[in-house]
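Some notes on the structure that comes next.
The values are calculated or read from the model by the stated rules, or taken from the named source; none is laboratory data. These numbers were taken from a predicted model, which means no experiment stands behind them. Every residue, glycine among them, receives a Cβ derived from its backbone with ideal geometry; neighbour counts consider all protein chains shown. Areas reflect the complete protein model, heavy atoms only, side chains present, ligands, DNA and RNA absent. Shrake-Rupley method; radii C 1.70, N 1.55, O 1.52, S 1.80 Å.
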Amino acid sequence: PFSLVSGEHLRICPQGYTCCTSEMEENFANKSRSEFEAMTKEAGRSVQMILTAQHRSFDGYFQDLLNKSEKALYEAFPTMYGELYMQNMKVFKDLYSELRRYYRGSNINLEEALNEFWTRLLERLFKLMNPQYHITDEYLDCMVKHAEQHKPFGEVPRDLKVKATRAFIAARSYAQGFLVGSDVVRKVSQVSLSHECTRAVMKLMYCPHCRGMSSVKPCNNYCLNVVKGCLANQADLNTEWKYLMDSLIVVADRIDGPYNVDAVIGTIHMRIAEAISNLQENKESITAKVFQGCGNPKINTKGSSSEDKKRRGKVTLEAKSSAQALEMLVLDAKGNLTSLKSYWVTLPNVLCSKKVTAGSGADDKCWNGMTKGSYLPEVMGDGLANQINNPEVEVDITKPDMTIRQQIMQLKIMTNRLGNANIGNDVDFQDASDDTSGSGSGDACPDDVCGKRLAKSPSTRPPETHAIPKQSGHGVSGASSRSLPSASLLLLLLSVALLATQRSWR
C-alpha cells in the first residue's frame, strides 16, 4: 500500500494500521522462518567444523604414528633377520592391518588379535629355528600350549598387550567422540521450526516493517524469550553435551599421559624386535623345554638349510618421538572442548546479540512485539520444562522432539564409552549405517565420576557393543547393548503371562 491501511486482515502482526497486505505478511513469515533456520544451521556448522577439525588432526597424527612404526619395521627387519622376516612378512602386515581396523571401529577383540599375532609368529620362528626337524601342525599346537609358561618372547607380549590395548581403546573412543558430537549437531540443526515458532519469529523480525518501523530492532529480552521457546528442545541437550565434552577432555589427558599413544604406538616395531631377540637368545633352552613337554619331533629327511645365517648384524631401531606434537594437539582440543561446553544454552544469546536485535530489555526504543517501547516480561529459563509460561511462544512441554531425544541418547552412549576408555575397559563398536533411536547407557557422568562408577563393572570380556557414525559423516547409528536385558525381561514377563493364561483356561 502507498499509505497505511486498516490491519484487520493481519493474522500474525498487531492489527493496527499497517503497511502490509496478507500476501506480504505471508511472505515475511516464510522469509523469517528460512532466515532463522539458516542462522541456527550456520551456528551449528561452526561447531561441526571445530569438532571435525579436531578429529582430522588427531586421526592424522595417530595414523601417521602407526604408519611410521610399520615402515620402520619393513625397512629394518630384512637387514636384521633376512629370510626369517621375508618368509613371515604377512604375519607382520596382518598385525598392523588388524590394529588399523580396530582403531577405525571394526568389531575386533584387540587382545585376541595380539595373542594371535604372537602365536603365529612363534609357530613360524620355531620352525625356522629348527629346520632339521619335521614339525607338524599338531606339534605346533602342543608347543603353543606350553608357550605361556616358557615365555619365549619374554615379557614383551604381556607388557605390549596391556599398554597397546589401553592406548588403542582411548584413541579409538577419543576419535569417535568428535565424530559423534559433530553428527549430533548436524542432526539437531536440521530440526524445523514449529508453526507456533514460525509465527513468533515472524512477529519478532518482520512485524516492525508492517508497522512502518523497519529501522527499529527487537528488544533483547523479547528476542531471548522467542528463541528460548523455539530452541527449548535443543537446550535440553546441554547436560549430556557437557558430559561428552568433559569426558573427551579426561580421555585427552589419558592419551597424553598414562596411556601415552606416542610412547606406545610409535614403538610397536621396537617391541617386536625385542621379542624376537629374546626368542633367539634363549633358543636352546626354549627348544629343550618344548621337546621335554611335547616330545622330540622327527628328523627332517628332506634335508634343510641351516637357520638363515642367524642374525645379519644388529640394526638399531629407533622411535622418532612426536610427543610435542601430541601435547599441542591435546592442548588445542581441550581449549576447543571447553569453549563448546555451554553451546546449547548460549545459542539464544548468540543468535539474538549477533543477528537480530539491538537494545536491552529496559530500552524504550526497541520493538517489543506490539510497538516501539520497553519489554517488561521476564526472560524464561533454558530447556523445555521452563517454557510453560513463555509469553511469546506457545510450547507444548509434554511433547519433546523425538529427533533431539534420540541425539541425547547418542550423547549418553558415547559418554559411557569414553568413561570405559578412561579406565582402560574395552567397548566393541558395531559398524552400522541405519539410524535408530539407541538405548540408554544410564545417566551419563563427567570427569572421574565415570571412572569410579564404571570401575565396579566387569572388565573387558565380553565388551559392550555400541554403534558408531560412519567417518564419512553418515550419522550416528545403532544402539547400546544395554537395551538387551530390558528386551529379555519383557520376553520373560510375556512368557509368564502366557503361562498364567493357559492355566486359567484349564
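Overview of results
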item: Index of the failed condition, V180 passing every other in (1) open to solvent by 10 Å² or more (accessible area, probe 1.4 Å); (2) assigned to a helix (DSSP H, G or I); result: (1)
item: Qualifying residue in the stretch 351-371 (condition: basic (K, R), at pLDDT 85 or above and surrounded by 13 or more Cβ atoms within 10 Å (Cβ to Cβ)); result: no
item: Members of the stretch 159-206 that are among the basic types (K, R), under 19 Å from the mean Cα position of the chain (by Cα) and farther than 30 Å from T267 by Cα; result: R186, K187
item: Pick from the stretch 29-60, criterion in contact with a Ser or Thr (Cβ under 7 Å, 6 or more places away or on another chain) and not charged (D, E, K, R), ranking: modelled with the lowest pLDDT; result: A29
item: Meets criteria (closer than 30 Å to Q63 by Cβ, part of a helix (DSSP H, G or I) and open to solvent by 50 Å² or more (accessible area, probe 1.4 Å)) for Y174; result: no
item: Selection status of K71, of a type in the set (K, R) and under 30 Å from Q324 (Cα atoms); result: yes
item: The stretch 403-423: number of residues that are in contact with a strand residue (DSSP E or B) (Cβ under 6 Å, 6 or more places away or on another chain) and within 16 Å of T239 (Cα to Cα); result: 1
